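Participant: Once you've had a glance at the structure underneath, I'll fire off some questions.
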Amino acid sequence: MPHTLSRRDFLATTTAAAGALAVPRALLASSDPIFEISIAQWSLNPLFFNGGLDNLDYAKTARELGIDAIEYVNQFFMDKAEDQAYLREMKLRADGEGVRSVLIMCDREGQLGDPDAAKRTQAVENHYKWVEAAKFLGCHSIRVNGYSKGSYAEQLNLVADGFRRLCEFADPYDIDVIIENHGGYSSSGAWVVELMQAVDHPRVGTLPDFGNFRMREGESYDSYRGVAEMMPYATGVSVKTTVWDDDANTSALDYDRMMRIVLDAGYRGYCGIEHTARGRELEGVAEVRTALLECRDRLRAEYTDG
């Protein structure tokens, strides 16, 4: 699909006082926010894949969108994890924009629950460089996947082994290892909770994704229940605008209902926008940001002391 606005034209529109996507001044002026807003790099994945955006310009783009915290995806700098000069430039640009680096989402590094012990070990070791990169960039976590093969219990035990070993490596770096519900058993909130208990390490945690509760074709897990189950272990949240029920049906996100679940768990950290509007990616992120700001404004009184 063709983009409805060029990047330059879109950013000019969003910063104009009378722009159609401009955020109300009252929302911009809010103090002591009950949750923070970040952006997941995957929101803009078509622009990174087609060359419309460069990874080094990510922090600048986030700042232009009015967002001051970013979540990276390793796929967009896959061969740079050990390139100190490149990582230094990433950090320099983020710092220059006043943008915080929150986490790195890690894919394509093998299955941490691979039934083959040697492949599982290799997958664990493949993630070491991302732990080190996350530390260098100032992130608090890497997000990994909980993929495996076998029965419910077999996958639980295998993934727990891989996670525990990776957590042990990450501990001296002060980096958390967090799982996102991302298909298969990992998209069951109950399974993820059992995994947290099985790993039993202070560095393990969750990244509840509002929209990733599709387990497999024709099978899903209720998004609101799943997020509620994962929140006690959460060090991040991924905001998608479509949610699931238990019968493989989708519906639009009820922002107030879901954010109450997040806040009732005591979470006050970053909620990362992970919304891709094909052909209008920048506009889509701006719209979700506005919806989150409006939700935060509505809920503030409920979650502010005094």
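The values are calculated or read from the model by the stated rules, or taken from the named source; none is laboratory data. All values derive from a computational prediction rather than experimental measurement. Quick reminder, even Gly has a Cβ in these numbers, built from the backbone with ideal geometry, and neighbours come from all protein chains shown. These area figures cover heavy atoms from the full protein model, side chains too; ligands, DNA and RNA do not enter into them. Shrake-Rupley method; radii C 1.70, N 1.55, O 1.52, S 1.80 Å.
Participant: Send over a whole-number figure in Å² for the accessible area per residue of the chain, probe 1.4 Å. Could the numbers behind the result be given before it?
Facilitator: Details: 13040 Å² over 306 residues.
Counting only protein heavy atoms, the per-residue value for the chain is 43 Å².
Participant: Taking the Cα atoms only, what angle lies between the long axis of helix 281-299 and the longest principal axis of the chain, rounded to 10 degrees?
Facilitator: Helix 281-299 sits roughly 90 degrees off the main axis of the chain.
Participant: Which pairs, out of LYS60/LYS240; LYS91/LYS240; LYS91/LYS119; LYS91/LYS135; LYS129/LYS149, put more than 21 Å between their alpha-carbon atoms?
Facilitator: Those over the limit are LYS60/LYS240; LYS91/LYS240; LYS91/LYS119; LYS129/LYS149.
Participant: Within a Cβ distance under 15 Å of ARG120, other residues only, what is the Lys/Arg minus Asp/Glu net charge?
Facilitator: Result for the neighbourhood of ARG120: -3.
Participant: So, by mean Cβ neighbours within 10 angstrom, what's the order for 109-116, 208-215, 79-86, 34-41 with the highest one leading?
Facilitator: Peptide ranking by packing, descending: 208-215, 34-41, 109-116, 79-86.
Participant: Pick from SER186, SER151, SER223: which is most flexible by mean-square fluctuation in a GNM of the chain where alpha carbon atoms under 10 Å apart are linked?
Facilitator: Of the options given, SER151 has the highest mean-square fluctuation.
Participant: Let me ask something else. What's the angle, to the nearest 10 degrees (0 to 90), between helix 255-264's Cα axis and the longest principal axis of the chain?
Facilitator: 50
Participant: In Å, what Kirkwood hydrodynamic radius results for region 153-306 from the alpha-carbon pair distances?
Facilitator: Computed over Cα pairs of region 153-306, the Kirkwood hydrodynamic radius comes out at 16.3 Å.
Participant: With runs of 4+ DSSP H residues as the only contributors, calculate the mean residue ellipticity of the chain at 222 nm using -39,500 (n - 2.57) per run, divided by the residue total and rounded to the nearest 500.
Facilitator: Computed ellipticity for the chain at 222 nm equals -12500 deg cm²/dmol.
Participant: Ok, one more. Multiply the residue separation of GLU287 and LEU56 by 0.36 nm, subtract the distance between their alpha-carbon atoms, and state the gained length in nm to one decimal.
Facilitator: That pair, GLU287 and LEU56, stretches by 80.8 nm at full extension.
Participant: If I fit a long axis through the Cα atoms of helix 117-126 and take the longest principal axis of the Cα atoms of the chain, what angle between them do I get, 0 to 90°, rounded to 10?
Facilitator: With rounding to tens, the tilt is 30 degrees.
Participant: Report, as a whole number in µm² per second, the diffusion coefficient that Stokes-Einstein gives for the chain at 37 °C and 0.692 mPa s using the Kirkwood radius over alpha carbon pairs.
Facilitator: 166
Participant: Report in % the part of the accessible area of region 211-306 that belongs to carbon and sulfur, leaving out ligands and nucleic acids; probe 1.4 Å.
Facilitator: 44
Participant: So what is Rg over Rh here for region 133-202, counting just Cα atoms and using Kirkwood for Rh?
Facilitator: Working: Rg = 12.2 Å, Rh = 12.4 Å.
Dividing the radius of gyration by the Kirkwood radius yields 0.99.
Participant: Just by accessible area at a 1.4 angstrom probe, what is the order of PHE163, PHE49 from largest to smallest? Each step should come with its number before you reach the end.
Facilitator: On the way: PHE163 0, PHE49 115 Å².
The ordering from most to least exposed comes out as PHE49, PHE163.
Participant: Still on this model: Sticking with the crude label model, points 7 Å out along Cα→Cβ, report the distance from ASP222 to ALA198 in nm, one decimal please.
Facilitator: Spacing of the two 7 Å Cα→Cβ label points: 2.5 nm.
Participant: Taking K and R as +1 and D and E as -1, what net charge do the other residues with C-beta under 14 Å from the C-beta of ASP174 add up to?
Facilitator: On the way: positive: LYS135, ARG203; negative: GLU132, GLU168, ASP171, ASP176.
Around ASP174, the charge tally is -2.
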